[in-house]
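All remarks here apply to the structure that follows.
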Amino acid sequence: MKKVNGHEIISLFEQWSPKRFAEDWDPVGLHIGQLNRQVEKVLVTLDVNEDVIDEAIEAGANLIIAHHPPIFRPMKHIWTDTPQGRMVEKCIKYDISVYAAHTNLDVASGGVNDLLADKLGLNHLEVMEVTHSDPLYKLAVFCPVEQADELRAALSKAGAGAIGDYAGCSFTSTGIGRFLPQDGADPFIGEIGKMEQVEEERIEVVLPGPLRQKVLKAMLDAHPYEEPAYDFFVLDQRTDAYGLGRVGTIKEPAKLDDFADYVKEALDVPALRIVGDGNKIVKKVAVLGGSGSKYIHSAKRKGADVFVTGDIDFHTAQDAEAMGLSIIDPGHHVEKVMIAGVALKMEQLCKESGYEVTFIQSVIDTEPFRFI
């Protein structure tokens, strides 16, 4: 197993939950410290406060991955006799770096909203509010026939040629390639100063935009020529849509109050608020972690009978009731599902990459409310 630094860990994380998925207003990324030192233990938490920093110190973790950004608004001062100032001071003193993944982790496949949907047992999931989709590209590359299979395999391993449930998709046509090696060239085939003809294959594969550099590097590494001929084309088609919230169906229709009892248990909350007739039958459910007041119309457009989300204000509740959309508000803190979800996902990614890193799940309760 390989010992790694913070950059290598966060690079893996951002392949899963890229910062480009975040909303424009969202200050995701590194908040405190640096990533260019060795990391052996990572603490995963929903929030960062002084108790969480103490937990990291006790555990020997020098990197924290959090969902809620600890410096959400710009700091004008760092006064170390304030709670936020003490937190920053301790991070610097004990060489603890803090990285935040907020709305990008909400959007990512397998992120906060998928974790909540899984907790609720939702099936046939779709994105509630689409925020991102990437262009598809086509790569066309010319290669000697004898080396074509090896090149196709390298492109497939890098992620090119994946279409739906199929991998390794490509198209090939054959023809004659011609080239004249000049002084200073080191031709794989042919001689300096002599025109060469080679039977070649034109290999065509599609790939999502974010994989372009990875696929290009894999192609150049695997290609036998020192100067391969290739083209990238931008296609009209786009990749699968990403976005906020999820919509799905529950296994059996249920009364709203009965489903609310299930939500309370599934999301491990002491109380929740309900908007709507408790005898209403619900089947289709929308869920969005955090504050969902702005998205009641998205949930309604998707045909949801009930919207499970936090921080619903009085007037939004009235609007939802008027449009026939029920709401179950279990609070903001249900996003704690990300602690175990991120730790397990990162353990898997690091294991696959041969990284020697331990991920620790925070046990500090950061719920600010008490319920009586």
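The values are calculated or read from the model by the stated rules, or taken from the named source; none is laboratory data. Remember, predicted model here, so these are calculated numbers, not experimental data. A quick note on method: Cβ atoms are made from the backbone with ideal geometry, for glycine too, and the neighbour counts reach across all protein chains shown. These area figures cover heavy atoms from the full protein model, side chains too; ligands, DNA and RNA do not enter into them. Shrake-Rupley method; radii C 1.70, N 1.55, O 1.52, S 1.80 Å.
Remarks
- You will find that of Trp79, Trp16, the residue that is more than 17 Å from the chain's Cα centre (by Cα) and among the aromatic types (Phe, Trp, Tyr) is Trp79 and no other.
- Failed criterion for Ala185 (all others in (1) at pLDDT 95 or above; (2) open to solvent by 10 Å² or more (accessible area, probe 1.4 Å); (3) over 32 Å from the mean Cα position of the chain (by Cα); (4) among the aliphatic types (A, V, I, L, M) hold): (1)
- Top-ranked residue of the range 135-148 - restricted to ones that are touching a residue at least 60 places away in the same chain (Cβ under 8 Å) and buried (at least 18 other Cβ atoms within 10 Å of the Cβ), ranked as nearest to Tyr225 (Cα to Cα): Cys143
- Boolean, Met195 is more than 30 Å from Val285 (Cα to Cα), open to solvent by 40 Å² or more (accessible area, probe 1.4 Å), touching a Leu at 6+ places or on another chain (Cβ under 7 Å) and of a type outside the set (D, E, K, R): yes
- When Arg202 is tested against (1) basic (Lys, Arg); (2) open to solvent by less than 80 Å² (accessible area, probe 1.4 Å); (3) within 30 Å of Phe21 (Cβ to Cβ), just one condition goes unmet, and that condition is (3).
- A single member of Ala22, Ala66, Ala61 is surrounded by 14 or more Cβ atoms within 10 Å (Cβ to Cβ), farther than 25 Å from Gly289 by Cα and either free of Cβ contacts under 8 Å to residues at least 40 places away in the same chain or out of contact with any Asp or Glu (no Cβ under 7 Å at 6 or more places or on another chain) (or both), and it is Ala61.
- For the range 240-256, taking the residues that are open to solvent by 30 Å² or more (accessible area, probe 1.4 Å) and under 18 Å from the mean Cα position of the chain (by Cα), the one that is modelled with the highest pLDDT is identified as Tyr242.
- Residue within the range 115-134 that is in contact with a Pro (Cβ under 8 Å, 6 or more places away or on another chain) and in contact (Cβ under 8 Å) with a residue 12 or more places away in the chain present: yes
- Every test in (1) in a helix (DSSP H, G or I); (2) surrounded by 12 or more Cβ atoms within 10 Å (Cβ to Cβ) is passed by Phe232 save one, and that test is (1).
- Verdict on Ala162 being loosely packed, with under 15 Cβ neighbours inside 10 Å and either under 24 Å from Arg238 (Cβ atoms) or touching a helix residue (DSSP H, G or I) at 6+ places or on another chain (Cβ under 9 Å) (or both): no
- Residue match in the range 77-97 (condition: touching a His at 6+ places or on another chain (Cβ under 8 Å) and touching a residue at least 40 places away in the same chain (Cβ under 8 Å)): no
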